[in-house]
Ligand SMILES: [Fe+2]
């Protein structure tokens, strides 16, 4: 979880009357708490203070769906999905293209063609939006959160939001939708809950909302709620951003991949040194620009490996990826369990004279097998499994 944060005005104590000037809603004279709790009431929470009760719903109506059409593949094999050429479509919610999925995580790509039409809220999954291109502001009930290229935007479930992109550069994202809560790896925390000295990033690198959006007018507002593939439109009697203050540990935040401090050894260090986030059933790692291994005889690309208990996904963001040939920006490779993979022919020799790599990639390693969607199969390079031959 990110560190405790407070924004705006809050009550002196929890759950006591927090007076609202001018009589407030219905003349009750108070602000209205919304306690956002995780793991029942047992884990991290935040308390928001609204001008009106956040429970006032005028209409509930179906709003379609975002299906994840899984395909049954006849063989187990490596995949290379070239997603850079996906045509822009939809908005930052409706334009999401599902690619890989299991019970814990679904990976989507999104190149929206239009601004986000309605406020949105994922009811049953945390979301990580990795911003490949574009910048702007995530508008949320917790306030405004600016974002820029190579930010991970971590959005806890039930955060109502609108992604507002600056018009100059088209937005391009990888979206990681997680059934479990996204957390900073516990191995980076000391027993006092602080990120350890020597962890690859720290609290200063996590950026929360810096400015509230307090909508005072009573404005009827639709919010699209996603639970699994189903979309439901809630028409609220007021704007859900009528918040004057909040505090707690549950809020959206950004972490920029370029703030990841990579480790280099004398010989190759395995992927856990790149770990950035985790959730039940998978980890997210950042392959950041870094010095290459320094032993005079070091092989500077990874050894071939059989990840016998994980499926391994790489999303290639920027630079030349030392161990791969043929991948492009926005390529996704899937190396499933059951078959070894490793550096492509020629890359070992090519890396000998290099002291540094400028590669930037996001890795998602899953405990359960991933399945491809129909859309993923359409982007697949069928020759990829044979690309390790000379
Ligand atoms: Fe690997």
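Listing 139, 28 from the residue with the fewest other Cβ atoms within 10 Å to the one with the most, what is the order?
Listed from fewest to most nearby Cβ atoms, that is 28, 139.
What's the Kirkwood radius of the stretch 261-381 in Å, using all Cα pairs?
15.2
Listing 384, 303, 152 from the residue with the fewest other Cβ atoms within 10 Å to the one with the most, what is the order?
Fewest-to-most Cβ neighbours within 10 Å comes out as 303, 384, 152.
Is the shape of the stretch 208-332 best called rounded, prolate or oblate, per the rule: a/c under 1.5 gives rounded, else a/b larger than b/c gives prolate, else oblate, with a ≥ b ≥ c the square roots of the Cα gyration tensor eigenvalues?
prolate
Residue 28 versus residue 227, label points 7 Å from Cα toward the beta carbon: distance in nm?
That separation, rounded to one decimal, is 2.4 nm.
How high is the relative contact order of the stretch 282-390, given as a whole-number percent (alpha carbon pairs under 8 Å, six or more residues apart)?
Averaging sequence separation for qualifying contacts and normalising by length gives 40 percent for the stretch 282-390.
Between the alpha-carbon centers of the stretch 229-298 and the stretch 1-30, tell me the distance in whole angstrom.
With the stretch 229-298 and the stretch 1-30 each reduced to a Cα centre, they are spaced 31 Å.
Relative contact order, percent, of the stretch 5-50 when contacts are C-alpha pairs under 8 Å separated by at least 6 residues?
For the stretch 5-50, the relative contact order is 26 percent.
Report relative contact order for the chain in percent, whole number only (criteria: Cα-Cα under 8 Å, sequence separation at least 6).
21
For the chain, what does -39500 (n - 2.57) per DSSP helix run (n ≥ 4), summed and divided by total residues, give at 222 nm, in deg cm²/dmol to the nearest 500?
-500 deg cm²/dmol
Using the per-residue mean of other Cβ atoms lying within 10 Å as a proxy for protection, in what order, highest first, do the peptides 167-174, 84-91, 60-67 fall?
167-174, 84-91, 60-67
Would you work out if the stretch 150-227 is rounded, prolate or oblate? Take a ≥ b ≥ c from the square roots of the eigenvalues of the alpha-carbon gyration tensor; rounded if a/c is under 1.5, else prolate when a/b is larger than b/c, oblate otherwise.
Here the stretch 150-227 falls in the prolate category.
Quick one: among 45, 120, 316, which has the greatest mean-square fluctuation in a GNM of the chain with alpha-carbon springs under 10 angstrom?
Ranking 45, 120, 316 by mean-square fluctuation puts 45 first.
Could you give me the radius of gyration and the Dmax of the stretch 66-148, taking only the C-alpha atoms into account and expressing both in angstrom?
14.8, 48
For the stretch 207-270, what is one quarter of the convex hull surface built on the Cα atoms, given in nm²?
Value for the stretch 207-270: 8.2 nm².
Rounded to two decimals, what is the ratio between the C-alpha radius of gyration of the stretch 31-190 and 2.2 N^0.38 Å?
1.15
So how far, in whole Å, is the C-alpha centre of the stretch 66-106 from the one of the stretch 145-177?
18
Nearest-5 percent of antiparallel DSSP beta bridges in the chain?
95
For the stretch 5-50, compute Rh as the Kirkwood radius over C-alpha pairs and then the Stokes-Einstein diffusion coefficient at 25 °C and 0.890 mPa s; write the answer in µm²/s, rounded to an integer.
Once the numbers are plugged in, D ends up at 209 µm²/s.
Rounded to the nearest 0.05, what FRET efficiency do residue 354 and residue 203 have when you use their Cβ-Cβ distance and R0 = 56 Å?
The calculated FRET efficiency here is 0.95.
Return, ordered by residue number, the residues of the stretch 83-119 whose backbone nitrogen is under 20 Å from a label point located 7 Å along Cα→Cβ of residue 235.
The answer is 117-119.
What residue among 342, 228, 193 has the largest mean-square fluctuation in a Gaussian network model of the chain, using Cα springs under 10 Å?
Highest fluctuation of the listed residues: 193.
Just for the Cα atoms in the chain, what are the lengths along the principal axes, largest first, rounded to whole Å?
Taking the Cα atoms of the chain, the three principal extents are 78, 45, 39 Å.
None of the figures in this text is laboratory data; all of them are computed from the coordinates on show. Remember, it's a predicted structure, so these values are computed and weren't measured experimentally. Positions of Cβ are backbone-derived with ideal geometry, glycine not excepted, and every protein chain shown enters the neighbour counts.
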